[in-house]
Each structure stands twice: as C-alpha cells, then as structure tokens.
C-alpha cells in the first residue's frame, strides 16, 4: 500500500533538510526518481519516538499476526519518515539493516534477550502483548535527523505506510 505526500509538506521537509546536505540530497534524489530507495512512514508512540531521536533506540520493531508492512517491504538504504502518533512529522532515519521472519513465542523471548538494549523497550507488557504474534520485522536505523514539527494529516490507522 502506498500513499502520497502533498507537495506543500514535501516542500516543508526539503526546506527543513537544507541544513543537512546529505539528507537534503537523498530526499531530492528520491523525489526526482534518481534513487532506488523506498520511502516509508513510521507512526511512533512515546517514549519510543524520543528514544529514536535521542539515538538510544537503534532498532525499530514491528510485530504482527500477519505479513503486513513493513514485513518484507523495507531494506537497507531505505528512508523512514518518523511521525508522532496523532502528531506531526518529527524526524528522518536511514535503514541500515533489516530482519523479517516468522517467530514463535520462544523466539520472541530470544529476540528480547539479544536485542533488548537496541530496541529500548523496557515495558514488560509490550512483550506480553506480542507473545502470540507470528511475524517480526526488525529495522536497524541510523543517521537520525530531527525535523521541526511538520503536520501530516492521516486518514487511516496503519502504523507503517510505504510511501513509494
């Protein structure tokens, strides 16, 4: 599933990245079709968004009972727009590595043990809520770039959107 970002919001994003030439060029190249990267929109709740922006959360995780986005749709070199749940865009991230796999409850415990520090999930209820999930996507992110609050209205409740 893809979505479009209105031109006025694109202009705001590009303007906000002028101070960071690498991000500005990445996004400009993507918009002009000179990039093979895929752009994604991740909707994040607190405290996870703040942890990503502060560099303390280096792996974003998406668990599910089916293979919905971003499962199998995100790869190293892709870009992620970070959006606050019920709020504005807040940042950008570069995907450096991904892992997509089917999991069992035992494997969730293994993932928790191996990646706990980089996932920055300290809520034990999180793991209980996802104990019956069958799939996981782990997304290693880097080169985090905070954006000023840029409103991006949404009409759906998906937590991950493939922009294109």
**Complete:** The one condition residue 63 fails out of (1) touching a strand residue (DSSP E or B) at 6+ places or on another chain (Cβ under 9 Å); (2) free of Cβ contacts under 8 Å to residues at least 60 places away in the same chain; (3) not in a loop (DSSP other than H, G, I, E, B) is (2)
**Message:** Would you confirm whether or not the range 2-21 contains a residue that is under 16 Å from the mean Cα position of the chain (by Cα), assigned to a strand (DSSP E or B), closer than 21 Å to residue 161 by Cβ and at pLDDT below 95?
**Reply:** yes
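Any residue in the range 135-151 that is assigned to a loop (DSSP other than H, G, I, E, B), more than 24 Å from residue 6 (Cβ to Cβ) and touching a residue at least 24 places away in the same chain (Cβ under 8 Å)? Write out each step before concluding.
Keep residues of the range 135-151 that are assigned to a loop (DSSP other than H, G, I, E, B), which gives 151.
Now narrow it down to the ones that are more than 24 Å from residue 6 (Cβ to Cβ): none.
Taking every residue of the range 135-151 in turn, none turns out to be assigned to a loop (DSSP other than H, G, I, E, B), more than 24 Å from residue 6 (Cβ to Cβ) and touching a residue at least 24 places away in the same chain (Cβ under 8 Å).
Here's the yes/no breakdown for (1) out of contact with any helix residue (DSSP H, G or I) (no Cβ under 6 Å at 6 or more places or on another chain); (2) closer than 30 Å to residue 33 by Cβ; (3) surrounded by 19 or more Cβ atoms within 10 Å (Cβ to Cβ); (4) touching a residue at least 60 places away in the same chain (Cβ under 8 Å):
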position	(1), (2), (3), (4)
75	yes, yes, no, no
95	yes, yes, yes, no
102	yes, no, no, no
158	yes, yes, no, yes
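Would you check which residues across the range 135-148 are surrounded by fewer than 17 Cβ atoms within 10 Å (Cβ to Cβ) and in contact with a strand residue (DSSP E or B) (Cβ under 7 Å, 6 or more places away or on another chain) and list them?
From the range 135-148, those surrounded by fewer than 17 Cβ atoms within 10 Å (Cβ to Cβ) are 142-143, 146, 148; that's our starting set.
Residues satisfying the conditions are 142, 143, 146.
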**Message:** Can you report the number of residues in the range 6-54 which are in contact (Cβ under 8 Å) with a residue 12 or more places away in the chain, more than 20 Å from residue 75 (Cα to Cα) and touching a helix residue (DSSP H, G or I) at 6+ places or on another chain (Cβ under 8 Å)?
**Reply:** 4
**Message:** Tell me whether the range 109-128 contains one or more residues that are modelled with pLDDT of 95 or more, surrounded by 11 or more Cβ atoms within 10 Å (Cβ to Cβ) and part of a strand (DSSP E or B).
**Reply:** no
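The values are calculated or read from the model by the stated rules, or taken from the named source; none is laboratory data. All figures in this text were calculated on a predicted structure; none of them were measured in a lab. Cβ: placed from backbone, ideal geometry, glycine included. Neighbour counts: every protein chain shown.
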